[in-house]
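Throughout, read-outs are computed from the coordinates displayed, never taken from laboratory work. Fair warning: this is a prediction, and the values are worked out from it, not measured in the lab. Here the Cβ is made from the backbone with ideal geometry for all residues, glycine too, and neighbour counts use every protein chain on show.
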Amino acid sequence: MPTEEQVRESLDGVLVPGAMRSLTKMNLVREVAVSDHKVKVSLASTALNEETRGWIKGKVEETIEALPDVKEAETEFVEAKLPEVNDIKHVVAVMSGKGGVGKSLVSGLLALALARQGLDVGILDGDITGPSIPRMFGMTVRPTGSDSGIMPVSTKTGVEIMSINLFLPHEDDAVIWRGPLIGRAITQFWEEVLWGKLDYLIVDLPPGTADAPLTVLQSLPVSGVVIVFSPQELAAMVVRKAVQMCQQMSIPIIGVVENMSYLVLPDSGKRLDVFGKSRAEDMAKAAQAPLLAQLPIDPELARLCDDGELERYDSALITDFGEAFVEAMSKRGRQTTKPS
């Protein structure tokens, strides 16, 4: 007879339709009982509609009955609230006081870098009026769900996405809402989405220091913030407002990223500072946080984003970015952990 651990391992191969992550990664397996050649599995029904539950039930029982010495498999669904199911280790907000500096791009690249390290990652697109995450990842599938929750949509490489643009009839439809409605939408994406088990949930914030960023920093258990800026002094000046906001709210700044830092000329390989001298060190000093990356202007990256193929981008810069971020998180954890 298989052990409970072996049964759970077999369920790791059963993918949840829509999210395309396993039952165990979505944290839906509640109990496993093994006795007398019979295995009974209890699954949370959270965010699963009737059709999805029926498919999962059949697949689970087929998978378990294929295990040695199992003569009967039974699947039952039990109610579970989203806070009981969601298990997110770190919530990281990507923000900047300035628009147009590339927060969504940095959010996408960070998620991609972490996923390539084998980590489970999701992106909550908090830019309600100007969402661009779905376009960069080529997402066109509408989220499914039930009265108990919404299912995020999975990218080709397994990054979980939730964005207002996934609900709109057309991706260029305008969302004309006042601040309170925008804030409510963000909290719904946090409270009413089945994220399951995640190592990191990246929250892509709109520019500024008003309603939307404030909602995230006050309502979500944010582990820290990544600040994005570009080299121009005008942009840096506005971004420093976001740094001050985090400092005044005692929100840790994990690190800073300079985007559009330079352009490599294709003919000569010479590095051209298109927007002037880098302000990376000055911004890192102001934020009292490490510089995680200096990202160049890359026409190939721009093309891939436009084509919805961000996940095809291959650059050592992305690997270095992900490693620097994880190291910064690790150092911050050591600094804040006090010996007992």
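Given a Förster radius of 51 Å and the C-beta distance between residue 277 and residue 74 as r, what FRET efficiency does 1/(1 + (r/R0)^6) yield to the nearest 0.05?
Given R0 = 51 Å and the Cβ-Cβ separation, E is 0.15.
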**Fill in**
Residue separation between residue 35 and residue 171 times 0.36 nm, minus their alpha-carbon distance, gives in nm 43.8 nm
**Request:** Take the Cβ-Cβ distance between residue 8 and residue 268 as r, set R0 to 45 Å, and report the resulting FRET efficiency rounded to the nearest 0.05.
**Result:** 0.20
**Request:** Of the options 96, 82, 119, report the single residue whose Cα projects farthest towards the positive end of the charge dipole of region 53-130 (beta-carbon charges: Lys, Arg +1; Asp, Glu -1).
**Result:** 96
**Complete:** Note on region 129-269, DSSP bridge orientation, antiparallel percent to nearest 5 equals 40
**Asked** Using θ = phi - 60° and the Karplus form 6.51 cos²θ - 1.76 cosθ + 1.60, what ³J(HN,Hα) does each residue of region 38-44 get, whole Hz, x for Gly and Pro?
**Response** 10, 10, 10, 10, 9, 10, 5
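Want the number for residue 316 to residue 214: 0.36 nm per residue separation, take away the alpha-carbon distance, what's left?
Extra length available between residue 316 and residue 214 comes to 33.3 nm.
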**Complete:** For the chain, longest principal axis from Cα atoms; helix 316-336 axis from its Cα atoms; angle between them, nearest 10 degrees, is 80
**Item:** Separation between Cα centres of region 100-119 and region 163-185, rounded to whole Å
**Value:** 22
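In the structure shown, do any of 71/197; 103/241; 81/197; 277/331; 89/331 have a Cα-Cα gap over 21 Å, and if so which?
From 71/197; 103/241; 81/197; 277/331; 89/331, over 21 Å: 71/197; 277/331.
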**Complete:** Expressed in angstrom and rounded, the centroid-to-centroid distance over alpha carbons for region 258-276 and region 28-65 is 54
**Item:** Local electrostatic count, residue 206, Cβ distance below 15 Å [Lys/Arg +1, Asp/Glu -1]
**Value:** +1
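Give, rounded to the nearest 20 debye, the magnitude of the charge dipole that the chain has about its Cα centre when Lys and Arg contribute +1 at Cβ and Asp and Glu contribute -1 at Cβ.
1300
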**Prompt:** Which percent, to the nearest 5, of DSSP beta bridges fully inside region 21-160 are antiparallel?
**Reply:** 55
**Message:** How would region 186-246 be classified by its alpha-carbon gyration tensor: rounded, prolate or oblate, with rounded meaning a/c under 1.5 and the a/b versus b/c comparison settling the rest?
**Reply:** prolate
**Prompt:** Can you give the calculated 222 nm mean residue ellipticity of the chain, where each DSSP H run of n ≥ 4 adds -39,500 (n - 2.57) and the sum is split over every residue, rounded to the nearest 500 deg cm²/dmol?
**Reply:** -11000 deg cm²/dmol
**Message:** If you average the alpha carbon positions of region 219-233 and of region 142-160, how far apart do those two centres end up, in angstrom?
**Reply:** 26
**Item:** Gain upon complete extension [residue 327, residue 156; 0.36 nm per residue less C-alpha separation]
**Value:** 58.9 nm
**Prompt:** Restricting to the chain, what percent of DSSP beta bridges are antiparallel, rounded to 5?
**Reply:** 25
